[in-house]
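The values are calculated or read from the model by the stated rules, or taken from the named source; none is laboratory data. Nothing here was measured: the structure is a model prediction, and the numbers come from that model. As a convention, Cβ positions derive from the backbone with ideal geometry for all residues, glycine included, and neighbour counts pool all protein chains shown.
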Amino acid sequence: IGKLPREFKLLLVGWGPLQQKLFDLANRVAPMRCIITPANGHLGDYYSALDAFCLPSESEGFGLATLEALFCGVPVVTTDSGFAPELLLDRVQYIQCSGHADSIAESMKMLAGNPHWATGLAAEGRSVAEGFGFANRMCREYEALMLRLWAAARKPAPTR
């Protein structure tokens, strides 16, 4: 955050053993420009509060937080870890950064300096995320399971 213009602020959502260390560092580098809060439900509210989402992980499994940000229509900046580089187009559906402070700052400045492009980037990212269909497929599979279980429970027990 120290490499970003003064009008930029940082919202860290989550918890863990590094929380206090991150808070102390943020206050040293950019006093009064960082908020850290635990993720207490209603995650969409946090994503909606963002102008951009950044996940500068060195390694990431799938990257659920990135997918959630895409679903919420927020421009995404992330590294080459997780699913993004395999399933998304850089500078079309998200921005790929190196994870170093200068690269992150440059990506965030590009978004801030080009609001129409950032809006289009977010819309394209959301469209791709919706196309993954995870939620729809999961709901259909749960519904089918429940119907099978209900039908099995209604069958009369075999007589002997």
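Points to keep in mind about this one:
- Candidates Ser57, Ser98, Ser107: the one that is under 19 Å from the mean Cα position of the chain (by Cα) and part of a helix (DSSP H, G or I) is Ser107.
- In segment 65-81, the residues that are in a loop (DSSP other than H, G, I, E, B), closer than 20 Å to Gly44 by Cβ and small (Gly, Ala, Ser): Gly73
- Matching residues in segment 74-92 - criterion: being closer than 17 Å to Met110 by Cβ and touching a strand residue (DSSP E or B) at 6+ places or on another chain (Cβ under 8 Å): Val74, Pro75, Val76, Val77, Thr78, Thr79, Ala84, Leu88, Asp90
Every residue, every condition in (1) in a loop (DSSP other than H, G, I, E, B); (2) over 19 Å from Ala101 (Cα atoms); (3) not aromatic (Phe, Trp, Tyr), yes or no:
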residue	(1), (2), (3)
Ile1	yes, no, yes
Arg6	yes, no, yes
Leu11	no, no, yes
Lys21	no, no, yes
Asp24	no, no, yes
Asn27	no, no, yes
Ala39	yes, yes, yes
Gly44	no, yes, yes
Tyr47	no, yes, no
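- Listed conditions (1) surrounded by fewer than 16 Cβ atoms within 10 Å (Cβ to Cβ); (2) polar (S, T, N, Q); (3) under 23 Å from Val13 (Cβ atoms); (4) at pLDDT 95 or above are all met by Asn114, apart from (3).
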